[in-house]
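Novice: My questions all concern the structure below.
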Amino acid sequence: MILMLFLAFCLSLVSASEVESTKDHHFDVLILTQHWPYTTCIDWEESGSTHKCREITHANWTVHGLWPTQWGKIAPGFCNNSWKFDHDLLKPIMTDMSLYWPDVEMRDQPDSLWTHEWTKHGTCAAQLPETNSEVAYFSKGCELAQENRITDWLEMAGVVPTNNASYTLENVWDAVMNGTGGIRPHIDCVKIDGQAFISEIKVCYSKNFIRVNCDGIKGVGGDMMGKCLRYDSFHYPSSADHEPHMSSSGMIGGIVCTVLALSAVCLAVGYMLYRRSRRRGRGYESL
């Protein structure tokens, strides 16, 4: 019995090894994903009471990741788990990393964003000569961020961060299309506490690092593409300060409670004035 269990265990290890070795690591396109730091921060802080963000001194669209991707799938990923992230290798490009690929979220693990992006995506991108090492992969991401200055593209179209207004997908779509030279992007929003915020803008590249349309990647598509299609409008925040949204039913409930509280105060004040007048009357009558 013990021998049979041992053999079964050995066979499971062999099977796991075969699955790993035959895993499909090919990809068709690379997705340069940039995110808006204030939305990232709001989303992160709303998701946990202890979650904090680093100070955002100069808000710009920055790199979330450079993702090798198969058409219609979220794959491949984790192509070489033995190839670990090494912070020291990035020291020569740390100025660019801080500018174009910063990590907004404060986590217990140092370099959490960079570690994840390299382990999941960089090890797959390493199939290409331009991204065949850790430093080459991150350098390429910073280079592409400089080619895709989304902050400037939006500003030139009058789309600027604000906490006092909202935008439609058409506003952002046209601005990004002008910036890419007509190459179709993918624009995502996220819903936080009942409100929609623009979160990520994706620009796709061929393996030769030429911009291509993002039509074939997995996601919501149509005349325009991305999760922002789910919303009539969305916020493009100018800070990480976020006022929770109150639904119409919540607003009505709040108004009713306020009216009742004011009524109670008025009744209390009226009763006190009445008692005072009675005391004065009795005092006058006693003279």
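The values are calculated or read from the model by the stated rules, or taken from the named source; none is laboratory data. Keep in mind that what you see is a predicted model, and the values were worked out from it rather than measured. Using ideal geometry, Cβ is built from the backbone for each residue, glycine included, and neighbour counts are taken over all protein chains shown. The area values use the complete protein model at the heavy-atom level, side chains included, leaving out ligands, DNA and RNA. Shrake-Rupley method; radii C 1.70, N 1.55, O 1.52, S 1.80 Å.
Novice: Ordered by packing density, taken as the mean number of other Cβ atoms within 10 Å over each peptide's residues, highest first, how do 194-206, 103-115 rank?
Specialist: Working: 194-206: 21.5, 103-115: 15.0.
Ranked from most to least packed, the peptides come out as 194-206, 103-115.
Novice: Of all accessible surface on segment 117-256 at a 1.4 Å probe, what whole percent is carbon and sulfur?
Specialist: 49
Novice: Further, regarding this structure: Would you mind counting up the charge near residue 101? Only other residues with Cβ under 12 Å from its Cβ, with Lys and Arg at +1 and Asp and Glu at -1.
Specialist: Local charge sum for residue 101: -4.
Novice: Using a 10 Å cut-off on Cβ atoms, rank the peptides 130-140, 55-65, 73-83, 34-44 from the highest mean neighbour count down.
Specialist: Packing order, densest peptide first, comes out as 34-44, 130-140, 55-65, 73-83.
Novice: Would you mind checking which residues have amide H under 5 Å from residue 220's amide H? H placed 1.01 Å from N; only 5 or more apart, or other chain.
Specialist: Amide H neighbours of residue 220: 226, 227.
Novice: When Lys and Arg each count +1 and Asp and Glu each count -1, what net charge do the other residues less than 10 Å away from residue 207, Cβ to Cβ, add up to?
Specialist: Taking every Cβ under 10 Å from that of residue 207, the sum is -2.
Novice: Something else about it: Could you give the distance between the Cα centres of segment 149-201 and segment 64-82, to the whole Å?
Specialist: Distance between centres, Cα-based: 25 Å.
Novice: To continue, here is another question. Is there a pair in 23/191; 84/207; 23/91 whose C-alpha atoms are over 29 Å apart, and which pairs would that be?
Specialist: Violating the 29 Å limit, Cα to Cα: 23/191; 23/91.
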